[in-house]
Amino acid sequence: MALDRTDLDTRAIGHLQRLMGSWGILADLSFADLVLLVPVRGTANKRLLVLGQIRPSTSQTVIPDDLVGDEVEGEGWDAAVEALGAGSLCECSLRLPRGDEDVYAQMIPVRFRGSPIAVLARVLPLASRPSEDGGDSGTSRLLRSVALGRREGRLERVYQDLSEKLIAMVADGVFPFPIEDVPVEEAPRVGDGLVVVDRFGRASYASPNAVNALHRLGVYSDITGKRLSELGVEDAAVQRSLNAGLPVIEEVERKRGVIVLLHCIPLISHHEVTGALVLLRDVTDLRRLGRLLLSKDAAIREVHHRVKNNLQTISSLLSLQARRLSPGEGKEALREAERRVRSIALVHEILSRDPGEQVPFDEIVASLVKMAEDSIVSSDAIAIRVHGTAGELDADIATPLALVVAELIQNAIEHAFPVRNGHDASGTGTGNQDIQGSSSSHDTDEALAARDFIGHVDVLLDREDDTLILLVEDDGIGLPPDFDIATSKSLGLSIVRDLVSSQLGGKIEMCSKQEHASGTKVRISVPLEHEAFS
Ligand SMILES: Nc1ncnc2c1ncn2[C@@H]1O[C@H](COP(=O)(O)OP(=O)(O)OP(=O)(O)O)[C@@H](O)[C@H]1O
Ligand SMILES: [Mg+2]
C-alpha cells in the first residue's frame, strides 16, 4: 500500500485523508485535476509518491491515467520538492508519468501543525500557463484557457477566486478542517448549487443551480446582500459555521415537503472567518425514494410475517387432525405433512426478519436441526452435527433447499438406526413409528446411556466457486439393496428429487458408504447462479 512507503505519522495521514475526503470542491472550483504527493521514505524529500488524485466535474481532465502509487522525481518535479521544503507555492511545467504532453502545475504545500507534510499539485493544460506580460495576477488569467470553450463569466471568476482562498487555507493548514466531514456520497458538490456569503451570512453570489434550488424552497427574489433567513429560509447552519469556523451540514425543509441539504464551509484568512461557501442540494426526490424504499421493506417484512403465521396455522390444523386419527397410514401422512409445512414456516420466519433478498442459510439449517432433534423422543440417541457454512443464499434458493435438508435429516433419523429398536431395517418407511414408539418415556437410564452413541448424522455445507455443496451423512444401516434414488417412488425422496433438479437446477447423488464405514451419504450440488440461466 502507498502509505507504507512514506514516513508520515498517523495524524499527518489522517489530515491528508480528510483532505482527500473534501477536495472535490477544490477540484471543481479550480477547474483542475488535483494530485496529492507525499515524500517517499528515506529519500530526504527528493522523491515523491502520488497518494491520491481527483478530477474536476466542472472541466475536462488533463490526467487520463491513474497515477496513484506512482513515484516521481527529477525534472519538473523540483518545484514540488521546493514547495515541500520551503512551504511556499511554486509553479512549473512538467511531464506526468506516462503522459505525452507537458502540463502546467501549481504546487501547493499542505501544512499540518505548522510544517508542510505533502504537496497538492493543481494540474492544468500547459496553454493555461500565465503569460509574462504583466497585468492581471497569473492565476486569474489561468481561467481564459482553463475555461476550455466556456465563456469567462461571473461564475468562472467567482469559482476561481474561491479556489484561491481554499488553496491559501490548505497552505496555512486550515483546510481540511480538523473534524470529520460529511459522508462523500451525501455531500453536495459545487455543481449542485453554490452560494457565497460574507462573514455576516449575507449572500454575494448564487450559482444558477443554487438559484434553482432556492426557487424550490420558494425564494424568488434576488438574494444578493441578504441573509437566507431574511428570505424565509432557515440559515442557522450558516451562522453556526461562521461563528465556529467549522463546516456544518444540515437539511432545511420547507412547506410542500421540499428538502434542501446545506453544506457550509467557512473561508478563513489569517485566523479570521471572512465568509463561507454554502453548497445546496435539492434532496427532496432522494429522501422520498428513501422513504418509499423503507416502506417497501416494511411491506415485504409484513407479508413474510403473515405467510409465516398462516403456515403455522396450517401446520397446527394438520397436527390437530392427525391426533384425531387412529394410528396408521393416514395419521402418519398428516404428521409428515405437518412437519413439511413447519419447515417452510421456519424459512419464512428468517425471511421476515431480514427483508433483503439474501438469507443466512446456516441459521435455517440450525433451526431445522433443532426441529429434527425435537421430533426424536429421546434426543440423545442420535447426534446431529453441522459442519462448514453456506453463507447467505438467495431467498428462492434457500426455501427449496431448506425442505431438502429437512427431508434428508428426517430420513436419517427414521431409517438409518432401527437396530436399537430391535427391529431390522426394512427400508420401507415403517421405521419411523418403530423408533418413536420404542424411545418413549419408559426407557431406563442404562438404556438411554447405551443409546448415547447409537447414531450420528452429519450435515456438511460448503461452497466451491459458484456451487453450493450439501452433504448429509449418517453412520446407520445404509440403503436397502437395489435402492435407486432415480426410480424411488416414495414421497420424501420424490420431493427432494423434484426440488433439486427442477427448482434448483442441481444434482443429487445418494449411496451407501462402502468399505470400512457404514451408513448413507447424500451429496447435493446446487449452482448458485441458477436463475441467471433460466
Ligand atoms: N439415511 C437413510 N438410511 C437408510 N435408508 C434410507 C435413508 N434415507 C432413505 N432411506 C430409504 O429410502 C426410502 C425412501 O425414502 P423417502 O424419504 O422417499 O420415503 P420415506 O422416508 O419412507 O417416507 P416419507 O419421507 O414420504 O415419509 C426409505 O423408506 C428408506 O428405506
Ligand atoms: Mg422420508
Exercise. Between GLU230 and THR313, what is the FRET efficiency for a Förster distance of 56 Å, r being their Cβ-Cβ separation, to the nearest 0.05?
Worked result: 0.35
Problem set entry | Distance in nm between pseudo-label sites at GLU250 and ASP78 (7 Å out along the Cβ direction from Cα) | 5.2 nm
Seminar exercise, completed: Interchain or sequence-distant (5+) residues whose placed amide H lies within less than 5 Å of the amide H of ALA390 are ASP362
Seminar exercise, completed: Along the dipole axis of region 184-228 (charges at Cβ: +1 for Lys and Arg, -1 for Asp and Glu; origin at the Cα centre), the most positive-end residue among VAL195, ASN212, THR224 is THR224
Seminar exercise, completed: Listed with the fewest Cβ neighbours within 10 Å leading, ASP235, ASP198 appear as ASP198, ASP235
Problem set entry | Chain lengthening between GLU101 and VAL211 when straightened (0.36 nm per residue, less Cα-Cα) | 35.7 nm
Exercise. From the backbone phi of region 326-332, what are the Karplus-calculated ³J(HN,Hα) couplings (6.51 cos²θ - 1.76 cosθ + 1.60, θ = phi - 60°) in whole Hz, Gly and Pro given as x?
Worked result: 7, x, x, 4, x, 4, 4
Seminar exercise, completed: For the pair THR487 and ASP466, the simple spin-label estimate (label points 7 Å beyond Cα toward Cβ) gives in nm 3.6 nm
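Please identify every one of the GluC sites (Glu not before Pro) in region 23-125 that sits in a loop by DSSP and has no more than 15 other beta carbons within 10 Å of its own beta carbon. Write out the running numbers ahead of the final one.
Values: sites: GLU71, GLU73, GLU75, GLU82, GLU91, GLU101; in loops: GLU73, GLU75, GLU101.
The qualifying sites are GLU73, GLU75, GLU101.
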Seminar exercise, completed: Pseudo-spin-label distance ASP66 to GLU302, built 7 Å along Cα→Cβ, given in nm, is 4.5 nm
Problem set entry | Between region 322-398 and region 220-236, the alpha-carbon center distance in angstrom | 63 Å
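What list do you get for LYS370, LYS513 if you sort them by fewest beta carbons within 10 Å?
Numbers: LYS370 12, LYS513 16.
Neighbour counts put them in this order, fewest first: LYS370, LYS513.
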Exercise. Which distance in Å, rounded to a whole number, links the C-alpha centroids of region 26-47 and region 251-307?
Worked result: 33 Å
Exercise. What's the exposure ranking of LEU246, LEU29, going from fewest to most Cβ atoms within 10 Å?
Worked result: LEU246, LEU29
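None of the figures in this text is laboratory data; all of them are computed from the coordinates on show. These figures come from a predicted structure and were not determined experimentally. No Cβ is skipped: glycine too gets one built from the backbone with ideal geometry, and neighbour counts run over all protein chains shown.
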